[in-house]
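All remarks here apply to the structure that follows.
The values are calculated or read from the model by the stated rules, or taken from the named source; none is laboratory data. Worth saying up front: this structure is predicted, and the values here are computed from it rather than measured. With ideal geometry, Cβ positions are generated from the backbone for all residues, glycine too; neighbour counts draw on all protein chains shown. Areas reflect the complete protein model, heavy atoms only, side chains present, ligands, DNA and RNA absent. Shrake-Rupley method; radii C 1.70, N 1.55, O 1.52, S 1.80 Å.
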Amino acid sequence: MKKKIIYFTIVGSALLLGSCSGGPEKGNNQNIEKREVSDYDPERGEGKFDENNVVVGALDGAMAKKGQAISETKCMSCHKLSDEKLVGPGWKGVTDRRTPHWIMNFITNPDAMIDKDPEVQAQLELCLVRMPNQNLADEEARSILEYMRENDGVK
Amino acid sequence: MLRKKVTIGMLALAAIAVSCKPKGAENVVSGDAASKVYVAPGKYDEIYNFVSGGFSGQLSVYGLPSGRLFRVIPVFSVDPEKGWGFSEETKPMLNTSHGFVPWDDLHHVEMSMTDGMADGKWVFVNANNTPRLGRVDLKTFRTAEIIELPNSAGNHSSPFGTENSEYIVAGTRFSVPADGDASDVSIETYKENFKGHISFVSVDKNSGEMDLAFQLKTPGVNFDLARCGKGASSGWFFFSCYNTEQANTLLEVNASKNDKDFIMAVNWKKAEELVKAGKGKKEAVKYAHNKFNEETHSATSEIKTSVTVLDVADHPGLVYFIPCPKSPHGCDVSPTGEYIVGSGKLAALLPVFSFEKIQKAIANKTFEKESYAGIPVIKYEAALYGEVEKPGLGPLHTEFDDKGFAYTSMFLSSEIVKWNIKELKVVDRQPTFYSTGHLMVVGGNTKKPYGKYLVAYNKITKDRYLPTGPELCQSAQLFDISGDKMELLLDFPTIGEPHYAQGIPASLIMDKQAKIYDINKNKHAHFTNGEANAKVVRKGNEVHVYLTTIRSHLAPDNIEGVQLGDVVYFHVTNLEQDWDLPHGFAVKGADNGELLVMPGETTTLKWVPDRIGIFPMYCTDFCSALHQEMTGYIRVSPKGSNVPIKYGLGDKFVTVN
């Protein structure tokens with residue numbers, strides 16, 4: 001695992017604490033959920049995506065175009081398309097460094113992964129900002145992945 | 001013992017010295033009270049408590065049983081902390097027929113209901129001074145709508161809702177001549193020219209939108225409080241009236257002469273039918289109706305000019321008066337709807353009226369010989385179920401639990417009195433500290449009260465808290481009412497003067513919360529869709545800054561080309577899409593509030609620079625580890641300067657020539 005990736009952001013300390021304790025549960029009987037870090041698979045990340053439900057092939061240009069529009073609203077304040085760091089790391093090469101489903105998990109479920117992924121935690125020390133959860137719908141996340149693939153030269 | 005407490009309570013009114021402290025006040029809290037109000041860190045309260053902010057004009061939200069303050073929702077008063085009344089988008093919410101009004105006095109709260117039970121959708125609140133109703137949306141905990149009430153003055157008997165919130169009803173405290181050209185009359189002509197108006201404001205079941213459906217014109221008296229009938233008394237409304245003497249000066253003497261004032265019973269279903277049948281008269285008035293749109297993140301204010309008025313004197317069978325001792329304040333309907341409790345604040349007993357007997361008296365015309373201003377007056381005994389003897393001094397307001405008991409606040413004797421509705425027997429009394437106005441039981445106005453907790457809202461605290469100069473805090477006192485005896489658990493201070501409040505189980509509200517505004521649905525006219533679209537546009541002497549925020553920078557963060565004499569509008573779009581991540585925005589020297597922009601929202605700050613120079617701007621709401629870096633500069637040059645509009649961030653700058 002020498003691949004370096006993505007980045008993060010620290011939100012308000014309240015959210016950070018919330019996340020560290022497993023997040024507030026619904027209802028009045030919220031319990032502090034203790035999960036073993038060893039449950040975490042750094043190849044897959046944590047979230048609803050895996051190699052079975054994220055399948056990539058030849059570039060879907062229309063989808064990449066949608067991804068561009070969404071990322072201009074929700075992502076490009078902090079990321080460049082080059083490999084240059086802005087607030088977070090540049091996107092160039094991310095699809096070579098990470099599996100498609102890892103990317104999908106991270107952009108839809110950043111808080112859990114920021115808390116568990118050792119490399120992402122190391123990245124937090126550099127960026128000092130937790131990547132915001134931008135509430136991406138599944139299709140939005142998928143189209144952003146397609147835009148990242150286009151950016152990395154997939155045809 | 002009772003007599004002693006009474007005396008002491010009255011002294012407390014005069015707010016004299018520590019020596020008046022009732023004996024035994026320290027001992028009324030029993031050993032396990034602390035554990036009953038302890039909500040461990042990270043745990044949630046059981047109840048949302050919506051508490052009037054009195055002369056602050058705002059609505060506060062507390063948790064019970066902890067008494068922790070969660071939020072102050074600005075309604076009728078400006079709030080620079082939240083930009084309420086300061087941002088361009090919220091200014092129209094405080095518009096009235098008198099123009100922009102920055103303050104009011106919020107007394108009562110009424111939760112929306114479905115089948116006589118609070119449903120957790122909205123809270124309605126009243127503006128007492130410049131008569132208005134507000135609707136707070138419980139998905140966003142924001143004021144969604146404000147409607148002004150014409151022909152009204154001192155909107156005190158308000159807001160009270162029907163069993164399905166078909167109407168929120170608002171009665172005028174001060175009778176006044178109807179609005180318009182004929183209202184310039186001698187005050188001495190009160191009896192002839194002054195009229196009461198009761199507004200029936202309909203509520204759309206789905207959107208919550210309010211509409212002034214009609215008003216009832218009544219004899220000129222003061223309306224104090226009200227309650228809608230429910231269950232057995234469904235379709236009727238009850239209003240407490242004082243100053244039936246129709247005095248217009250020195251009311252403390254002249255409006256306290258009559259042995260009995262009235263509870264006014266209104267057949268509101270019949271009123272609705274009469275209006276539908278076109279019996280109302282359209283009157284020319286002027287009132288503002290303000291709405292906040294969640295998609296444009298902006299409010300609009302419309303001045304409306306007509307209201308349908310039904311004169312109750314023209315429609316026999318619509319309204320009846322029931323004598324009620326001595327200036328009644330509370331007028332409360334039991335959970336089954338069978339009983340109506342009048343609380344005469346100068347009376348030494350509590351009359352309980354029977355809805356069934358009222359109906360019989362109407363059918364048999366068991367009326368007093370003399371009507372009142374043409375309205376039949378039901379004989380007191382014919383309507384009376386019974387009296388609670390010697391309940392205490394100064395009964396004000398009554399609510400109910402789930403076990404057949406009523407609880408009445410006693411202002412003069414500073415206590416809460418628990419009594420059995422059927423037997424009319426006092427079963428318990430507990431001192432309060434001091435001078436309780438309203439009280440509330442959780443769900444205590446509904447068909448099935450939740451019970452468990454009662455909160456007394458006190459006007460005077462005197463020696464209960466660390467002193468804070470001439471003005472001391474006002475307070476709430478929480479009681480456990482699950483047992484036979486009421487048990488005092490907790491004191492907690494409130495904002496403004498707390499009048500009425502309501503409580504609802506947290507489970508009915510907490511899961512419906514909006515967490516963000518979806519940026520894909522942002523329809524603000526000055527929305528900036530992503531940082532690439534951030535820009536500065538000059539239009540004559542207006543400079544529009546389309547600015548975005550995300551952790552942890554503003555875009556653009558360097559702006560030049562603004563000139564003295566320009567009016568600058570910062571249209572700030574928060575690009576965040578995560579819960580609990582508002583960004584604030586402020587600029588040096590702005591005679592304005594800050595902005596607090598929710599995730600996905602666009603909000604506008606108007607700034608008129610008053611001198612040349614460099615003006616920093618920054619995010620005011622701590623947002624990330626790099627919050628202190630979330631800043632920028634604006635350069636203001638003299639009028640006519642040749643400095644072009646130039647803006648940008650990092651290594652990307654645009655110059656507009």
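Here B:Gly561 meets each of (1) surrounded by fewer than 20 Cβ atoms within 10 Å (Cβ to Cβ); (2) away from chain A (no Cβ under 14 Å); (3) touching a residue at least 24 places away in the same chain (Cβ under 8 Å) with one exception, condition (1). Of all positions in the range A:50-67, at least one carries a residue that is at negative phi, more than 14 Å from chain B (Cβ to nearest Cβ), in contact with an Asp or Glu (Cβ under 6 Å, 6 or more places away or on another chain) and not hydrophobic (A, V, I, L, M, F, W, C). For the range B:487-507, taking the residues that are assigned to a loop (DSSP other than H, G, I, E, B), open to solvent by 10 Å² or more (accessible area, probe 1.4 Å) and closer than 14 Å to B:Tyr62 by Cβ, the one that is farthest from the other protein chains (Cβ to nearest Cβ) is identified as B:Gly496.
Show me the helices (runs of 4 or more DSSP H) found entirely inside the range A:39-138 where at least 2 residues are free of Cβ contacts under 8 Å to residues at least 24 places away in the same chain and over 22 Å from B:Leu626 (Cβ atoms).
Fully inside the range A:39-138 and qualifying: A:61-74.
Checked against (1) within 14 Å of chain A (Cβ to nearest Cβ); (2) under 21 Å from B:Asn293 (Cα atoms); (3) buried (at least 17 other Cβ atoms within 10 Å of the Cβ), B:Ala534 passes all but a single condition, namely (2). Tell me the strands (runs of 3 or more DSSP E) entirely within the range B:580-657 that contain at least 3 residues that are open to solvent by less than 10 Å² (accessible area, probe 1.4 Å). Passing ranges, in order: B:583-587, B:602-607, B:631-637. Just the residues that are under 17 Å from B:Val266 (Cα atoms) and in contact with a Pro (Cβ under 7 Å, 6 or more places away or on another chain), please, taken from the range B:135-168. Across the range B:135-168, the qualifying residue is only B:Ile168.
Yes/no per residue for (1) within 23 Å of B:Gly171 (Cβ to Cβ); (2) surrounded by 23 or more Cβ atoms within 10 Å (Cβ to Cβ); (3) free of Cβ contacts under 8 Å to residues at least 40 places away in the same chain; (4) not small (Gly, Ala, Ser):
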residue: B:Thr296; (1), (2), (3), (4): no, no, no, yes
residue: B:Gly317; (1), (2), (3), (4): yes, no, no, no
residue: B:Pro328; (1), (2), (3), (4): yes, yes, no, yes
residue: B:Gly337; (1), (2), (3), (4): yes, no, no, no
residue: B:Ile340; (1), (2), (3), (4): yes, yes, no, yes
residue: B:Gly344; (1), (2), (3), (4): yes, yes, no, no
residue: B:Leu350; (1), (2), (3), (4): yes, yes, no, yes
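When B:Val72, B:Val51 are screened for being part of a strand (DSSP E or B), β-branched (Val, Ile, Thr) and crowded, with 22+ Cβ neighbours inside 10 Å, only B:Val51 passes. The residues of the range A:76-87 that are at the interface with chain B (Cβ under 10 Å from one of its Cβ atoms) and open to solvent by less than 20 Å² (accessible area, probe 1.4 Å), listed by number, are A:Ser77, A:Cys78. The sole residue among B:Val333, B:Val307 that is of a type in the set (A, V, I, L, M), over 28 Å from B:Gly443 (Cα atoms) and crowded, with 22+ Cβ neighbours inside 10 Å is B:Val307. All conditions but one from (1) in a loop (DSSP other than H, G, I, E, B); (2) of a type outside the set (Ser, Thr, Tyr); (3) closer than 23 Å to B:Asp119 by Cα; (4) in contact with a strand residue (DSSP E or B) (Cβ under 9 Å, 6 or more places away or on another chain) apply to B:His438; the one that does not is (1). Considering only residues that are surrounded by fewer than 24 Cβ atoms within 10 Å (Cβ to Cβ) and of a type outside the set (A, V, I, L, M, F, W, C), which ones fall in the range B:392-411? B:Asp401, B:Asp402, B:Lys403, B:Gly404 - these are the residues of the range B:392-411 that are surrounded by fewer than 24 Cβ atoms within 10 Å (Cβ to Cβ) and of a type outside the set (A, V, I, L, M, F, W, C).
Contact annotation: residue pairs with Cβ atoms under 7 Å, 6 or more positions apart or on different chains, pairing a residue in the range B:271-292 that is touching a residue at least 60 places away in the same chain (Cβ under 8 Å) with a partner that is among the polar types (S, T, N, Q) and surrounded by 19 or more Cβ atoms within 10 Å (Cβ to Cβ), are B:Val285/B:Asn151; B:Ala288/B:Asn95; B:Ala288/B:Thr96; B:Asn290/B:Asn95; B:Phe292/B:Thr143.
Checking each residue in the range B:453-463 for being assigned to a strand (DSSP E or B) and within 20 Å of the chain's Cα centre (by Cα) picks out B:Leu454, B:Val455, B:Ala456, B:Tyr457, B:Asn458.
Taken over the range B:575-596, the criterion of being touching an Asp or Glu at 6+ places or on another chain (Cβ under 9 Å) and farther than 23 Å from B:Phe653 by Cβ is satisfied by B:Gln577, B:Asp578, B:Leu581, B:Pro582, B:Gly584, B:Ala586, B:Gly589, B:Asp591, B:Gly593, B:Glu594, B:Leu596.
Suppose the filter is hydroxyl-bearing (Ser, Thr, Tyr), in contact with a helix residue (DSSP H, G or I) (Cβ under 6 Å, 6 or more places away or on another chain) and surrounded by fewer than 24 Cβ atoms within 10 Å (Cβ to Cβ); does A:Thr108 pass it? So A:Thr108 passes the test. Scanning the range B:464-484 turns up at least one residue that is touching a helix residue (DSSP H, G or I) at 6+ places or on another chain (Cβ under 9 Å), assigned to a loop (DSSP other than H, G, I, E, B) and not small (Gly, Ala, Ser). When we screen B:Val185, B:Val123, B:Val136 for residues that are more than 16 Å from the chain's Cα centre (by Cα) and among the hydrophobic types (A, V, I, L, M, F, W, C), the only hit is B:Val185.
Filtered by the rule that a residue be within 12 Å of another protein chain (Cβ to nearest Cβ) and either of a type in the set (A, V, I, L, M, F, W, C) or within 18 Å of B:Pro556 (Cβ to Cβ) (or both), the range B:577-618 gives B:Trp579, B:Leu581, B:His583.
Considering only residues in the range A:135-155 that are within 13 Å of another protein chain (Cβ to nearest Cβ) and open to solvent by 10 Å² or more (accessible area, probe 1.4 Å), the one that is farthest from A:Leu59 (Cα to Cα) turns out to be A:Asn135.
Restricting attention to the range A:119-130, the residues that are under 12 Å from the mean Cα position of the chain (by Cα) and either open to solvent by 30 Å² or more (accessible area, probe 1.4 Å) or more than 9 Å from every other protein chain (Cβ to nearest Cβ) (or both) add up to 1. Restricting the range B:508-524 to residues that are under 29 Å from the mean Cα position of the chain (by Cα), loosely packed, with under 15 Cβ neighbours inside 10 Å and in a helix (DSSP H, G or I), the residue that is farthest from the other protein chains (Cβ to nearest Cβ) is B:Lys512.
The residues of the range B:532-578 that are closer than 22 Å to A:Ala69 by Cα and assigned to a loop (DSSP other than H, G, I, E, B), listed by number, are B:Ala534, B:Arg551, B:Ser552, B:Pro556, B:Leu575, B:Glu576, B:Gln577, B:Asp578. On the stretch given as the range B:54-69, residues that are under 15 Å from B:Val136 (Cβ atoms) and open to solvent by 30 Å² or more (accessible area, probe 1.4 Å) total 1.
Residues in the range A:100-118 that are β-branched (Val, Ile, Thr) and farther than 17 Å from B:Asp518 by Cα were compared, and the one that is farthest from the other protein chains (Cβ to nearest Cβ) is A:Ile103.
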